[in-house]
Amino acid sequence: MHSDAGRGADEVVVVGGGVVGLACAWRIAQTGRRVLVLERDEPGAGASGVAAGMLAAVAEADFGEGALLRLRLEAADAWPAFAAELTARTGIELEYGRCGALVLAVDSDDVEELRRVQELRHGLGLGSEWLTGRDCRRLEPALAPRVRAGMLTRDDGQVDPRAVVRALREAIRREGGELRAGVAVEGIDETGNRVRGVRLAGGEVLPTRAVVVAAGAWSASLDVCDPPPVRPVKGQVLRLRGGVAGPLAQRIVWTPRCYVVSRPSGEVVVGATVEERGFDTTVTAGAVRQLLEDAREVLPDVEERELVEARAGLRPGTPGNAPVVGPGGSDGLFWATGHYRNGILLAPITADAIAALIHGAGPPPPFRDFAASRTRSEGASLAGSTA
Ligand code: FAD
Ligand code: GLY
């Protein structure tokens with residue numbers, strides 16, 4: 001059964017109303033194409049509505065990342081202009097800021113680990129400063145006396161992901177794009193190696209020649225040829241509010257056990273677990289207790305705050321922890337998924353890349369290493385290693 005037969009050939013359907021899908025839809029709409037976002041639930045119902053909103057390219061840098069680190073740094077540089085444009089178009093404040101991040105050590109194991117991490121940062125040419133415990137408390141007076149040392153990265157930032165979702169919805173509307181919530185996509189119809197339409201859960205088919213799959217952790221569940229090996233990686237977070245006036249800290253606070261993001265509005269986000277539990281989003285008492293203890297270790301004032309939310313989200317993980325952004329196996333199919341722990345950070349440059357690809361350009365430089373085709377061999381080697 002086909003419907004909306006009058007849709008123009010230039011219409012693009014985006015599957016998924018998380019930050020990645022919405023950002024892609026906004027940028028595509030800005031190129032003059034008609035765009036339709038299909039979201040099974042409500043926009044932001046997936047990982048994007050749970051995320052802490054760190055834009056922490058440097059603080060989250062890990063060993064052996066190479067191309068992924070360069071991508072994150074480029075993504076961080078794209079955020080100021082993206083946030084300014086989004087707020088200017090919609091009037092919605094995103095609480096975006098380059099607040100910096102403080103990575104802390106509490107015991108001697110932490111200090112040793114932090115020294116290794118700082119050497120890595122310096123080896124990669126990334127700026128970070130070593131601080132004593134006293135220096136740390138001078139910067140952030142709410143820190144506990146037991147903090148022994150810290151590493152300051154000035155360029156990392158933060159944003160409120162829920163505000164970003166609200167703003168992107170409004171920006172898409174203003175560009176003439178359409179969003180349908182409560183519409184589940186079952187699969188992509190392809191014939192002769194070309195996309196023909198999007199099949200909805202009830203069997204209805206919306207004809208289209210271009211589909212962007214941005215269904216987060218569920219991207220590989222769609223009935224589509226050759227999906228990339230995206231899997232859910234559970235993360236539990238807490239949201240606190242109130243108590244002492246103003247933000248708990250000016251900067252993002254990291255320890256080897258947790259992170260704490262304090263927003264100007266007074267919201268405090270404490271995260272996060274990293275769990276391989278399939279599509280389970282249960283919040284567990286053990287995780288809540290552990291996150292509170294880990295945050296209290298460095299910021300004792302968390303105890304005075306009201307616990308307003310405990311939630312679990314599903315990060316779209318891939319075998320190499322890197323996103324999958326680029327054309328799929330059929331003409332007209334594009335993947336924008338697999339952003340794992342950095343989807344908020346990477347959304348603006350993902351959206352630019354997808355809009356450029358749909359416009360007929362080749363893969364933009366930062367994404368050349370992150371095409372869907374690479375995941376076929378990663379998926380195969382992953383399958384081989386577990387066999
Ligand atoms: P999602 O936000 O999950 O959106 C996918 C959407 O697709 C969902 O709304 C879903 O309902 C919809 N959908 C799925 N299947 C279908 C279907 N068949 N039909 C229609 N719709 C469908 N990233 C950062 O950069 N900074 C952070 O600080 C950060 N913190 C995080 C903390 C936690 C605890 C977690 C879980 C994640 C965090 N992330 C962070 C990662 C980030 O949240 C994700 O990488 C990002 O949100 C992925 O966005 P997305 O749009 O691809 O997926
Ligand atoms: N980037 C933070 C998280 O995934 O928990």
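We did not get these values from a lab; they are worked out from the coordinates using the rules stated. Just so we're clear, the structure is a prediction, and the values are computed from it rather than from any experiment. For neighbour counting, all protein chains shown are included, and Cβ atoms are generated from backbone atoms with ideal geometry for every residue, glycine included.
Annotations for the structure displayed:
- The packing ranking of peptides 75-81, 235-241, highest mean first, is 235-241, 75-81, where packing means the average number of other beta carbon atoms within 10 angstrom of each residue.
- Folded to 0 to 90 degrees: helix 161-174 orientation relative to the chain principal axis, Cα: 30
- In Å, descending, principal axis extents of the Cα set of the range 158-233: 42, 33, 22
- About its Cα centre, the dipole of the chain is roughly 380 debye, where the only charges are +1 on Lys and Arg Cβ and -1 on Asp and Glu Cβ.
- The range 87-186 - charge dipole about Cα centre, Lys and Arg +1 at Cβ, Asp and Glu -1, debye rounded to 20: 340
- Choice from ARG166, ARG315, ARG116 with maximal GNM fluctuation in the chain (Cα, 10 Å cutoff): ARG116
- Take the Cβ atoms of ARG138 and THR31, set R0 to 45 Å, and the FRET efficiency comes out at 0.40.
- The calculated FRET efficiency for the pair GLU309 and GLU170, based on their C-beta separation and a Förster distance of 30 Å, comes to about 0.80.
- Derived scalar couplings between HN and Hα for the range 182-188 equal x, 10, 8, 8, 8, x, 10 Hz in order, rounded to whole Hz, by the Karplus curve 6.51 cos²θ - 1.76 cosθ + 1.60 (θ = phi - 60°), x for Gly and Pro.
- Proximity of backbone amide H atoms, modeled 1.01 Å from N, is registered between GLU309 and ARG239 at under 5 Å, excluding neighbours fewer than 5 places apart on the same chain.
- Backbone HN-Hα couplings from phi across the range 124-134 [Karplus 6.51/-1.76/1.60, Hz, Gly and Pro as x]: 8, x, 8, x, 7, 10, 7, 10, 6, x, 5
- Order by protection proxy (mean Cβ within 10 Å, highest first), peptides 279-288, 88-97: 88-97, 279-288
- Residues with amide H under 5 Å from that of VAL14, placed H, sequence gap 5 or more: LEU36, VAL37, LEU38, VAL212
- Using θ = phi - 60° and Karplus 6.51 cos²θ - 1.76 cosθ + 1.60, couplings along the range 256-262 (whole Hz; Gly, Pro as x): x, 10, 6, 10, 10, 10, 10
- The chain, helix-only ellipticity at 222 nm - DSSP H runs n ≥ 4, -39,500 (n - 2.57), divided by all residues, nearest 500: -10000 deg cm²/dmol
- Positive-end ranking of GLN118, GLY46, ALA59 along the dipole of the range 18-122, with charges on Cβ about the Cα centre, is headed by GLY46.
- Projected over every direction and averaged, the convex hull enclosing the alpha-carbon atoms of the chain yields 19.2 nm².
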